[in-house]
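Inspection log for the structure reproduced underneath, given as structure tokens.
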Amino acid sequence: MTDQREAVIQVKGLKKNFGSLEVLKGVDMKVLKGEAVVVIGPSGSGKSTLLRCLNLLETPTGGDILFHGQSILRKDLKLDEYREKFGMVFQLFNLFENLSVLDNVTIGLRKVKKIPKEQAEKKAMELLKQVGLESKADVYPSKLSGGQKQRVAIAGVMAMHPKCIVMDEPTAMLDPHGRKSVIEMAKKLNKEEGITVILITHYMEEVIEADRIFVMDDGKLVMEGTPKEVFSKVEKLKELRLDVPQATLVAHELQQRGIPLPDGILNNEELVDELCRLKSKM
């Protein structure tokens, strides 16, 4: 059955060169409203360049990018207004170290949207409560953990009411607890607020709950599908020098030894359930 949801982002034949270096080589992809998608690929595959083109931090060399059906490469595009709707969270936290947490969240509301200070602070406190950092409003970023800094950055993006949030390896600098808190925040925004999320990550535990996965290699999109569909192709992923979830790898090795397990097992619970099912038939 075809998904009838509107496309938030549609990329058509996207190319990006840096001098003679061809980084994106004709990428086509579509992200639907309310989806949570993940882009994975080996280092140098073009993932970050693709996301930077989506936010026009890089200007494409060729092709087109449509946002709700309208080209963002048109000459009359109001870039600031577009970026309000298309927020971006980076690997580095992009906070102003000389401003409090509250001021970091309100700065976009006050400087870009021209919202009065009292109203901006009220909205910012609501967002900080939403990300679990209401008590840190008067604290400076230097006193926060990495995961807390990233949640403040997300709150700052959320203040602009984006329709889509792009996250470029937001957990790469974090410890396991910090990674978990940031990904849970992203899932909450997607499921409860209906915000479309596009995530780049190399942590497979952050991939398996996505609606769809896009796999890039050498500037091209080489695979696309649900987590089960993509991780059913273990050998192909190995060829691309990509990790797979540990449970998926164990299931694949057992399959190679003749144990009839289904493809696309993603976590330990699924693996245990399938092994118990086989044992019950013995």
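How about segment 146-164: which of its residues are hydrophobic (A, V, I, L, M, F, W, C) and either farther than 22 Å from His177 by Cβ or part of a strand (DSSP E or B) (or both)?
So the first thing to find is which residues in segment 146-164 are hydrophobic (A, V, I, L, M, F, W, C), and the list is 152-155, 157-160, 164.
Ala159, Met160, Cys164, listed by residue number.
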Taking segment 111-141, which residues are part of a helix (DSSP H, G or I), under 21 Å from Arg179 (Cβ atoms) and open to solvent by 40 Å² or more (accessible area, probe 1.4 Å)? Gln130, Lys136
Here the qualifying pairs (Cβ atoms under 9 Å; residues six or more apart or on different chains; first in segment 82-104 and assigned to a strand (DSSP E or B); second acidic (Asp, Glu)) come out as Met88/Asp168; Val89/Asp168
Residues Glu235, Glu253, Glu274, Glu269: which one is surrounded by 13 or more Cβ atoms within 10 Å (Cβ to Cβ), part of a helix (DSSP H, G or I) and acidic (Asp, Glu)? Glu274
For the structure I just gave you, tell me whether Val197 is touching a Leu at 6+ places or on another chain (Cβ under 9 Å), under 15 Å from Gly41 (Cβ atoms) and either assigned to a strand (DSSP E or B) or at pLDDT 90 or above (or both). no
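Give Glu229, Glu209 a once-over and let me know the one that is more than 12 Å from the chain's Cα centre (by Cα) and either open to solvent by 50 Å² or more (accessible area, probe 1.4 Å) or hydrophobic (A, V, I, L, M, F, W, C) (or both). Walk me through how you get there before you give the answer.
Numbers: Glu209 fails: more than 12 Å from the chain's Cα centre (by Cα).
After ruling out the rest, the residue left standing is Glu229.
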Quick check: is even one residue across segment 84-106 out of contact with any helix residue (DSSP H, G or I) (no Cβ under 7 Å at 6 or more places or on another chain), within 28 Å of Leu50 (Cβ to Cβ), open to solvent by 50 Å² or more (accessible area, probe 1.4 Å) and basic (Lys, Arg)? yes
Close pairs (7 angstrom Cβ cut-off, 6 or more residues apart or separate chains): touching a residue at least 24 places away in the same chain (Cβ under 8 Å) and under 18 Å from Ile200 (Cα atoms) in segment 16-38, open to solvent by less than 20 Å² (accessible area, probe 1.4 Å) and among the small types (Gly, Ala, Ser) anywhere: Val23/Gly46; Val23/Gly219; Leu24/Gly46; Leu24/Gly219; Ala36/Ala210; Val37/Ala210; Val38/Ala210
Looking at Glu58, Glu22, which one is under 20 Å from Asp168 (Cα atoms) and open to solvent by 20 Å² or more (accessible area, probe 1.4 Å)? Glu58
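The values are calculated or read from the model by the stated rules, or taken from the named source; none is laboratory data. The model shown is predicted, which means the values in this text are computed figures rather than measured ones. Cβ: placed from backbone, ideal geometry, glycine included. Neighbour counts: every protein chain shown. Surface accessibility is based on the protein's heavy atoms, side chains included, excluding ligands, DNA and RNA. Shrake-Rupley method; radii C 1.70, N 1.55, O 1.52, S 1.80 Å.
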